[in-house]
């Protein structure tokens, strides 16, 4: 009857089973990237993505509170200049043949840069230790050298932002000349000073167990060395042991070299100062590398 299914006979069923099945074309197999194969490293000799990520994290960390980390230090530095400007009045005091305010301004700029470079690395590592988040930095596949580069690069970035903020304000300051005479000297000594204090901040952050320890280094080491380094005076005015001691202060070579980029006059040896800074930074880098590699005061 129409509408009813026709029954399949045994012969028809046998013929259907005997028909050769036609294989469907296989779906194209996409070759996997080479880095998914066993034994092929994903990260090369330098972990550039990890290094860049940690650097960006360091910059974002201080930039979120830029009023405290960038603008407040800039305003504090300008207060020093304002106090000396008011105290000296409109006198014709000169140092090394230039007006005192123009002599003072570059030293204040680089002093603020160094102090904030130290604060950036020391606070970053110490906060990580206190809050227990330091493990998030030590666990990823970053070598001690990559960790150091990221930390110090973040500190140098903050230092230059503070320096540029202070310099920009001093450009508009009446009676102060901050015209750049030698850009290479400004960049070299400013960066070397920021690197030196950034490395010192790494050591301090690893050593300190609480914020009082870091504050002690700031108050008894960083600030005295920066204030007694020829920022406010020429060391030629010092006599005897004090003049000799100033030449053993690495802050002096940073400030003197940085200032020479503005006024074109050195207060100390040029080549000797550059070599001294290079040796000091090399020694600090080696010490920081060893501390991170051995887990000094971070893996107890």
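The values are calculated or read from the model by the stated rules, or taken from the named source; none is laboratory data. In this text the structure is predicted, and so the values were computed from the model without any measurement. In this analysis, Cβ positions are derived from the backbone assuming ideal geometry, glycine residues included, and neighbour counts consider all displayed protein chains.
Side notes on the structure shown:
- Only one entry in 112, 119 is under 23 Å from residue 257 (Cα atoms), out of contact with any helix residue (DSSP H, G or I) (no Cβ under 6 Å at 6 or more places or on another chain), modelled with pLDDT of 95 or more and assigned to a helix (DSSP H, G or I), namely 119.
- Selection count where residues are farther than 20 Å from residue 132 by Cα and surrounded by 12 or more Cβ atoms within 10 Å (Cβ to Cβ), scope the stretch 284-300: 5
- The residue pairs whose first member lies in the stretch 193-222 and is crowded, with 16+ Cβ neighbours inside 10 Å, whose second member is not in a helix (DSSP H, G or I), and whose beta carbons are closer than 9 Å, counting only pairs six or more residues apart or on different chains, are 206/296; 206/297; 206/298; 207/296; 207/297; 208/297; 214/208; 217/208.
- Residue list for the stretch 85-109, restricted to those being surrounded by fewer than 16 Cβ atoms within 10 Å (Cβ to Cβ) and either part of a helix (DSSP H, G or I) or touching a strand residue (DSSP E or B) at 6+ places or on another chain (Cβ under 8 Å) (or both): 86, 87, 88, 92, 93
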